[in-house]
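Below is one structure; the comments refer to it alone.
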Amino acid sequence: MNFGHTIMEQKNAYYAYYDDDNQLYYYFNVITNDSRWDYPLDGKVIDPESMKSFPNPYSLFPKIKKSKRSKKHGHSSQKSAETEIVSGESQNADDELLVLDIDEKLENLEDFEKDSLLKPKQSSPSSKSAKPPKIPNKKKVFVPPTSDGPHYLPKEISSEIHKFQGYDFAKRHFQRCVNGRVFKRTSITLENIVLFSEKPITTSLLSNLPQSSVKNALKCFNLILQYTGVSSSHQGINAAKELISILFADASLRDEVFFQLMKQTRQNPDEKWLLNTWNLFLVIASIFPSTRNSENWIKSYLLRNIESDNRKVATIAQFTYIKFGARCAIGTPMENFANNVKSIIDLQNQMTNGSFVFGVSLYEMMWGQRRTLPNCPVPFFFHQMCESLISKGALKIEGIFRMPGNMKNVNDWAAESNAGEEVLSSITNPHDLASFIKLWIRELADPIVPFSATSELFTAFKEDRTIEYITTVLPKLHLMTLAYLIGFLQRVVAESDANKMTPRNLAICFGPNVIRTNNETVVTKNSMEAVNDILCYLIKEWDVSSIYPLRDELLLPV
């Protein structure tokens with residue numbers, strides 16, 4: 001069987017990796033990006049090098065080690081689904097020999113040496129007596145970037161994006177004839193070509209549009225006129241639904257529609273028409289990415305409108321920029337979008353409700369707290385989850401973040417959180433809350449380490465300049481959130497005598513969701529190991545005391 005072609009068809013599919021520090025196999029779920037120590041029985045397990053089936057390594061050698069069920073860890077009363085590794089066959093009394101006692105193995109792990117990721121491993125004394133576990137003292141100190149504006153908008157892109165002016169784009173990509181008027185090369189600029197029109201266009205705006213799509217391009221423009229109220233045959237939401245259906249069916253039209261919307265928001269003489277067009281722009285930007293070729297041109301246009309004197313336009317442009325950036329980072333249209341009236345209105349209402357916390361970007365969460373907590377440098381919901389876990393005494397629970405929670409409940413709580421409900425107080429099981437935190441990180445539209453930074457991060461790690469890279473290249477909000485996460489994980493490690501969660505164990509649990517790629521072909525054995533190595537290194541070497549824990553004054557409401 002060719003597992004390379006069938007792996008993504010499995011409900012669950014895993015790659016098997018060997019962790020040298022713990023001397024154990026662990027299993028990476030390629031569907032959910034979760035890692036686990038026990039041999040999975042709910043899906044195929046694959047050797048990532050040979051792409052062949054990977055059998056349970058411990059069932060092959062039944063006398064590896066006899067399980068010692070210590071009352072200290074509560075093993076005498078029941079079997080732990082997370083720490084037992086079984087062959088998948090029926091068990092009897094003799095099957096005790098097949099159990100690998102991970103808890104005892106973790107108790108005898110050696111300390112991580114300060115330079116273990118950069119130098120050959122050396123023997124070190126047992127960490128069993130270390131209290132708290134050894135964390136290197138000479139860490140690289142994180143100095144937060146100075147605040148130069150609202151947390152919900154990226155600042156570092158402005159100078160680059162503003163280079164993308166209308167003249168260059170129009171010269172390269174626009175038709176020489178729009179609405180029957182021919183333009184001379186010397187006068188072609190976005191400023192004097194793409195202006196609002198009450199009349200239908202007679203050809204597509206973009207010259208590279210396939211001829212087979214031109215007819216639908218004209219139809220799209222008519223639908224925009226109908227939705228915004230410019231056309232006498234005002235169709236409202238139904239026109240938006242039809243437009244969305246066309247864009248799902250024909251990806252080549254998406255850039256064309258973005259530029260049609262830009263055209264209709266330039267010098268639009270009617271306030272109602274103008275705001276209707278911006279609301280439609282927001283909906284389309286929330287559902288569809290543009291091509292990479294057009295992305296920066298569209299962002300440039302949105303940025304210029306963020307500076308508009310019309311406050312309503314500026315506000316919609318800001319939120320549209322946030323949604324468009326997240327959608328382009330993902331690179332694919334919104335999945336499972338129910339193209340109906342309620343879904344379209346809900347997208348528009350997100351701008352004012354600001355309640356979504358799962359499946360959105362960090363910037364959207366900061367947008368939601370911009371008025372109540374403008375000084376908080378990270379998503380407050382993330383802070384709340386971490387503090388809630390600490391308050392429940394979870395950091396002293398063995399296997400926290402390694403043991404899975406009830407995922408049905410976790411997913412239900414995520415949906416309730418997006419509906420604006422407060423759920424943290426009702427989550428009593430620490431493992432459920434730990435899984436809730438991991439789900440939040442996994443479902444970020446653009447990961448904590450952005451998609452755009454992943455490849456260069458691997459290079460920086462190889463060249464021993466990881467911290468220098470992330471502090472100079474990562475967008476400010478992503479950098480602050482990463483620093484907060486590392487500080488929280490360092491606090492978890494400080495209780496490792498009780499919870500058995502070392503930097504390496506936490507890196508395996510969190511790494512694939514913190515540092516991930518939107519290009520599945522890049523996920524290799526080497527890159528997976530590098531992800532875990534990078535996060536482990538940051539937990540051990542990065543001093544983030546300037547951001548974690550958050551200072552009280554940053555959490556004051558206004």
* To do: Assess whether S308 counts as being surrounded by fewer than 23 Cβ atoms within 10 Å (Cβ to Cβ), out of contact with any helix residue (DSSP H, G or I) (no Cβ under 6 Å at 6 or more places or on another chain), of a type in the set (S, T, N, Q) and without any contact (Cβ under 8 Å) to a residue 40 or more places away in the chain.
  => no
* **Options F259, F248: the member that is crowded, with 20+ Cβ neighbours inside 10 Å and of a type in the set (F, W, Y)** => F259
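Among the candidates L433, L457, L424, which residue alone is in contact with a Lys or Arg (Cβ under 8 Å, 6 or more places away or on another chain) and outside the structural domain of M334 (by TED's automatic domain parsing)?
Only one candidate passes the filter, namely L433.
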* Asked: Which members of the range 346-355 meet the condition of being part of a loop (DSSP other than H, G, I, E, B) and buried (at least 19 other Cβ atoms within 10 Å of the Cβ)?
  -> G354
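Go through the range 508-558 and give me each residue that's of a type in the set (A, V, I, L, M), within 25 Å of D464 (Cα to Cα) and at pLDDT 90 or above.
Within the range 508-558, I508, V514, I515, A530, V531, I534, L535, L538, I539, V544, I547 meet the criteria.
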* Go through (1) surrounded by fewer than 17 Cβ atoms within 10 Å (Cβ to Cβ); (2) more than 21 Å from the chain's Cα centre (by Cα) one by one and return the number of the condition E456 breaks. => (2)
* Structure fact -> Filtering the range 447-472 down to residues that are assigned to a helix (DSSP H, G or I) and touching a Ser or Thr at 6+ places or on another chain (Cβ under 9 Å) yields F451, T454, S455, L457, F458, A460, Y469
* To do: Within the range 266-277, work out how many residues are modelled with pLDDT of 95 or more and either within 20 Å of L253 (Cβ to Cβ) or polar (S, T, N, Q) (or both).
  => 3
* Asked: Which residues, taken from the range 12-42, are without any contact (Cβ under 8 Å) to a residue 24 or more places away in the chain and closer than 16 Å to V514 by Cα?
  -> N29, I31
* **Residues of the range 433-445 satisfying the condition of being under 24 Å from F288 (Cα atoms) and in contact with a Leu (Cβ under 7 Å, 6 or more places away or on another chain)** => L444
* Among the candidates I316, I306, which residue alone is at pLDDT below 95, of a type in the set (A, V, I, L, M, F, W, C) and under 28 Å from the mean Cα position of the chain (by Cα)? -> I306
* Among the residues of the range 333-342, is there at least one that is modelled with pLDDT under 95 and of a type in the set (D, E, K, R)? -> yes
* Check V492 against each of (1) closer than 25 Å to R551 by Cα; (2) in contact (Cβ under 8 Å) with a residue 12 or more places away in the chain; (3) surrounded by fewer than 20 Cβ atoms within 10 Å (Cβ to Cβ) and name the one condition it does not meet. => (3)
* **Search result, residues across the range 378-412 that are free of Cβ contacts under 8 Å to residues at least 40 places away in the same chain, outside any loop (DSSP other than H, G, I, E, B) and of a type outside the set (V, I, T)** => E387, S391, M407, K408, N409, N411, D412
* Test for N296: is it under 24 Å from the mean Cα position of the chain (by Cα), on the phi < 0 side of the Ramachandran plot and in the same structural domain as T203 (by TED's automatic domain parsing) -> yes
* Would you confirm whether any residue within the range 426-439 is buried (at least 16 other Cβ atoms within 10 Å of the Cβ) and under 21 Å from I534 (Cβ atoms)? => yes
* Return the pairs, sorted by first residue and then second, in which the second residue is among the hydroxyl-bearing types (S, T, Y), the first residue lies in the range 329-355 and is farther than 15 Å from G368 by Cβ, the beta carbons are less than 8 Å apart, and the residues are 6+ apart or on different chains. => A329/S361; A329/S452; M334/S286; F337/S343; N339/S245
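The values are calculated or read from the model by the stated rules, or taken from the named source; none is laboratory data. In this text the structure is predicted, and so the values were computed from the model without any measurement. FYI the Cβ positions are ideal-geometry reconstructions off the backbone, even for glycines, and counts take in every protein chain you see.
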